[in-house]
Amino acid sequence: MSLTALVALVRKDLKLFFHDRRAVIMSFAAPIVIASFFGFLFQGASGQANQARIPVAVVDQDQTDLSRKLIARLGEDKQVQVEALSLDRALDQVRRGKTTVALRIPAGFSEGATRTFFSGGAKPELSLDYDPSHAMELGLVRGLLTEAAMTVVSAEMFTGPAGRKSLETSLDQLERSNLAEGERSDLKRLLESARAWNVRQEQQPATARRGGLSLPYSLKEEALTSRSATPYNSYAHAFAGMGVQFILFMGIEAGISILVARRSGLWKRLCAAPLSRRLLLGGRALSAALVSLIILGVVYVFARLIFHVHIEGSAAGFLGVCLAFSLMTATFGLLIASLGRTPEATRGLAIFATLILVMLGGAWVPAFIFPAWLQKLTLFIPTRWAVDGLDAMTWRGLGFQAALAPIAVLLGFALAFGLIALARFRWEVEG
Amino acid sequence: MLEIRALEKHFGTLKAVDGISFSARPGEILGLLGPNGAGKTTLVSMIAGLLPADGGQVLIDGRTLCGDQDPLKRRIGLVPQDLALIEELPAQDNLAFFGALYGLKGLALRAAASRVLDLVGLSDRAGDRVATFSGGMKRRLNLAAALMHDPEILLLDEPTVGVDPQSRNAIFDNLETLKRQRRTLIYTTHYMEEVERLCERVVILDHGRVLADASLADLTRTGIVNPRLHIELNAGGDGHWLEELRGLDGVASANLAGTQLAVGIADLAADTSRILSWLSGRGMVIHGFASERPSLESVFLSLTGRSFRE
Ligand SMILES: Nc1ncnc2c1ncn2[C@@H]1O[C@H](COP(=O)(O)OP(=O)(O)O)[C@@H](O)[C@H]1O
Ligand SMILES: [Mg+2]
């Protein structure tokens, strides 16, 4: 008999959910629309194709062969867009956010750089003025600049006239220095070999000259995601995050429906039937979990058909995470029903709490951009595990093993919420 | 047979139900009459097993309810004071849902639904959403929902609040049908005329206590629930005729204050003109008169000496 009642309770809730056009829109259309938008936004950050180049303004006050070579070398990299400007124009552009970095090559750079290449002394100063809202790009420009300067200056040292002149000056200085005799003769041999190499290179035709120093490696970069060579799909994360958010909203409404029933005579009528009260709450939880699974299904089918979000990892793991998260959503609803008083006040507070949970769970922006302490802290937040679990089974393409921890944590939260709800639920009818 | 023994319920220091006892038999509509806050809803909730008692017992055929899943609960039908319906769903889905809570399914469920829809006269609106119903129709469906599992005892908590006279009469007719089926009906209200119309017996409650438990005939005989005539005379005189008036057939009480004469009578229709002509025959000039039907207000006043608080 209680099975008949349970089926009736669940069917009633499902009917009411699908009857409510607003609930259906909030649960299906809203996550799809918002996730599509987020996925589209973050696509740029990951896809290599249409990524914008970093604009770099260069101010060449040195105007030497070497400074021009440096600028040309920097411009060869496809991550930056180099433009030569006057100092005033360049600084102005950065201030107004039109250009990310202004690089200034001071007069005397060429001479200073070659002079101090082997020996010490005051090094010439390259300055980078940058837009503080693009601090991350500054690091990239700094790296590219280092590589370019190293390459062109060392090439000049071993092959160019400025380099030879600098070597001769260094040899002169060496004679007059007060180094120990052993060290002096070693250094002298080094500089003389370099000079001899330089002279020989100059007698070669320009095309056959050897270059200078270069990085002792070349880089092959590839985003590592799924086990296969599938590219990262920014939509996968967006759909996980938004699915989680709007399903929790649905869970809130499930809990609030109990508060609404309490206020009408409905809860009395339910309690008057010869049913255990756990069955009454269990029925509500079960229907909420079912609705959650349906929403996840619809949202991910859409993501698959339109944005090619595939379950690259374990399908069983994906189902497990979905199931555990759905149960957690259900008992989250019961928790709200047991702690809340009036539907209106409870809804506002619950939505606020959920938004915080979802934000900290990395559903809006991925958790990996959080500071380290926050990443640690958010391990105590169930939504973090839900989003990470869904990510792991979709675009990361991890195996079932990787789903175990999220499933366990989500089930743990589900159990805790359920027990608190049962303990705190006000069974007594009013009046 | 429903028996209530010394039932108590406290909310903090408030004794909402303070030692109430009475019993009700099959084929009887028992009126539970009391002002707002008298404890009627609390009492009904306790009988239905929704609220645990702080003292006393509810006995159904000599047994007390034990736990939420006690099959004895099937013998009770509750019509809550607040509408207990799912507005978004059609009437028949509501009934099917409430029937299923009692384990009804399949043919039995459909048969029960059509039986109760028939009783309350909503068969032709079965497929319509409750939200489209009038207040009276909702009240009738609220009653029908409590009858799905065919209970022997029906608890009706102010079932006609906010209902048009036509629907109210329809509900009264339904209740009389149920009474003829030898069910036990407990009818709570704060309208005296509803009790007059429906019940042979009334239990009057105030502050969680029983003020009176009697048949309506007894209440009338003791002069507590009589209609009254208020007659304005040209001169009251010494009132030597008052004793004679009190001795007349159908006169329960007579009091004179100045020129104002108040007469308690058994039946407004039968006794009014007879008393007026009796007074004229004594040479008294009548300036005006008004009649007053018995109300809870007047019953209450005569039982407690206090006026009825809303
Ligand atoms: N859950 C409750 N908590 C506290 N007081 C209550 C509760 N339910 C009812 N009361 C109080 O008990 C008294 C009786 O209420 P109730 O049974 O609803 O009266 P009635 O139905 O006759 O209007 C009222 O004073 C009411 O305020
Ligand atoms: Mg009441």
Could you please state, rounded to a whole Å, how far the C-alpha centre of segment B:216-237 is from the C-alpha centre of segment A:343-376? 73 Å
Show the residues, 5+ positions off or on another chain, whose built amide H is closer than 5 Å to the amide H of A:G313. A:T394, A:G397, A:L398
Nearest 5 is fine: what % of DSSP beta bridges in the protein assembly as shown come out antiparallel, could you say? 60 percent
Among A:Q63, A:Q43, A:Q245, whose mean-square fluctuation peaks in a Gaussian network model of chain A (Cα, cutoff 10 Å)? A:Q63
Between the residues B:V195, B:I29, B:M46, the Cα farthest towards the positive end of the dipole of the protein assembly as shown, that dipole coming from +1 and -1 charges on the beta-carbon of Lys, Arg, Asp and Glu, is from B:M46
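How much net charge surrounds B:P227 when only the other residues with a Cβ under 10 Å from the Cβ of B:P227 are counted, with Lys and Arg +1 and Asp and Glu -1?
Counting the neighbours of B:P227, the net charge comes to -1.
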Is segment A:359-431 best put as rounded, prolate or oblate by its Cα gyration tensor, with a ≥ b ≥ c the root eigenvalues, rounded for a/c under 1.5, and otherwise prolate when a/b is larger than b/c, oblate when not? prolate
One quarter of the convex hull surface, Cα atoms only: what value does that give for segment A:54-223 in nm²? 12.2 nm²
Cα pair distances in the protein assembly as shown, grouped into 20 Å bins until the bin that holds the longest one, percent each: 13, 27, 22, 15, 11, 8, 3, 1
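How high is the relative contact order of segment A:54-223? Use alpha-carbon pairs under 8 Å, at least six apart in sequence, and give a whole percent.
21 percent
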Between A:R21 and A:V301, what length comes free when the chain is fully extended (0.36 nm per residue of separation minus the Cα-Cα distance, one decimal in nm)? 98.7 nm
Run down the aspartates and glutamates and flag those whose C-alpha is under 19 Å from the C-alpha of A:K123, throwing out any fewer than 8 positions away in its chain. A:D60, A:D62, A:D65, A:E111, A:E147, A:E156, A:E168
Under a straight-distance cross-link criterion of Cα-Cα below 17 Å, which lysines are reachable from B:K179, leaving out those fewer than 8 residues away in the same chain? none
According to a simple spin-label model (label point 7 Å from Cα along Cα-to-Cβ), what is the distance in nm between B:H10 and A:L379? 5.1 nm
Please report, for the Cα atoms of chain A, the Rg to one decimal and the Dmax as a whole number; what are they, in angstrom? 33.1, 108
Return the FRET efficiency for the residue pair A:K188, A:A72: r is the Cβ-Cβ distance, R0 is 51 Å, and the value is rounded to the nearest 0.05. 0.90
Built amide H within the under 5 Å cut-off of A:Q81, gap 5+: A:I54, A:V56
Among A:F370, A:F18, what is the fewest-to-most ranking by other Cβ atoms within 10 Å? A:F18, A:F370
Nearest-0.05 FRET efficiency for A:F368 and B:N36, computed from C-beta distance (R0 60 Å): 0.45
Which ³J(HN,Hα) values, rounded to whole Hz and listed in residue order, are derived for segment A:2-14 from phi using the Karplus coefficients 6.51, -1.76 and 1.60 in 6.51 cos²θ - 1.76 cosθ + 1.60 with θ = phi - 60°, glycine and proline given as x? 6, 5, 4, 5, 4, 4, 5, 4, 5, 4, 4, 5, 5
Lys and Arg at +1, Asp and Glu at -1: neighbours of A:L190 with Cβ under 12 Å from its Cβ sum to +1
To the nearest 0.05, the calculated FRET efficiency linking A:L339 and B:A214 through their beta-carbon distance, R0 being 60 Å, is 0.80
Is the shape of chain B rounded, prolate or oblate, going by the alpha carbon gyration tensor and its root eigenvalues a ≥ b ≥ c, with a/c under 1.5 for rounded and a/b larger than b/c for prolate? prolate
Extending each Cα 7 Å along its Cβ direction at A:A408 and B:D267, get the distance between those two points in nm, one decimal. 8.6 nm
Could you give the nm distance between label points at B:H230 and A:R89, where each point is 7 Å from its Cα heading toward the beta carbon? 10.2 nm
Can you find, among B:N142, B:L109, B:L185, the residue sitting farthest towards the positive end of the charge dipole of segment B:76-222, where Lys and Arg contribute +1 and Asp and Glu -1 at Cβ? B:L109
For segment A:54-223, give the magnitude of the charge dipole about the Cα centre (Cβ charges: +1 Lys/Arg, -1 Asp/Glu; no others), in debye to the nearest 20. 280 debye
Going 7 Å from the Cα of B:R282 toward and past its Cβ, which residues in segment B:190-231 have a backbone nitrogen under 18 Å from where you end up? B:228-231
In debye, nearest 20: dipole of the protein assembly as shown around its Cα centre with unit charges on the Cβ of K, R (+) and D, E (-)? 1560 debye
For segment A:352-368, Karplus-derived ³J(HN,Hα) couplings (6.51, -1.76, 1.60; θ = phi - 60°; whole Hz; x for glycine and proline) come out as 4, 4, 5, 4, 5, 4, 5, 4, 5, x, x, 7, 8, 10, x, 4, 5
Among the aspartates and glutamates, which fall within straight-line cross-link reach of B:K73, defined as a Cα-Cα distance under 18 Å, with same-chain neighbours fewer than 8 residues apart omitted? A:E428, B:E3, B:D61, B:D150, B:E152, B:D157
Distance-filtered residues of segment A:231-257 - backbone nitrogen under 20 Å, label point 7 angstrom along A:H308 Cα→Cβ: A:231-240
Place +1 on the Cβ of every Lys and Arg and -1 on the Cβ of every Asp and Glu in segment B:247-310, take the dipole about the Cα centre, and give the residue among B:G247, B:M284, B:A270 whose Cα lies farthest towards its positive end. B:M284
Any number yet on Rg/Rh for segment A:289-381, C-alpha, Kirkwood? 1.02
222 nm mean residue ellipticity, helices alone, for chain A (DSSP H n ≥ 4; -39,500 (n - 2.57); rounded to 500): -22000 deg cm²/dmol
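Take every DSSP beta bridge whose two residues both sit in chain A, then give the antiparallel share in percent to the nearest 5.
Within chain A, antiparallel bridges account for around 30 percent of the total.
Rounded to the nearest 20 debye, what is the charge dipole size of segment A:1-139 about its Cα centre when +1 sits on each Lys and Arg Cβ and -1 on each Asp and Glu Cβ?
Here segment A:1-139 has a charge dipole of around 840 debye.
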Hey, in the GNM for chain A with a 10 angstrom Cα cutoff, which one of A:E137, A:E183, A:E147 fluctuates hardest? A:E183
Candidates B:G258, B:G34, B:G121; GNM for chain B (alpha-carbon contacts under 10 Å) flags as most fluctuating B:G258
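Values in this text are rule-based calculations from the coordinates and carry no lab data. What you are looking at is a predicted structure, and each value in this text was computed from that prediction instead of being measured. Cβ atoms come from the backbone with ideal geometry, glycine included; neighbour counts cover every protein chain shown.
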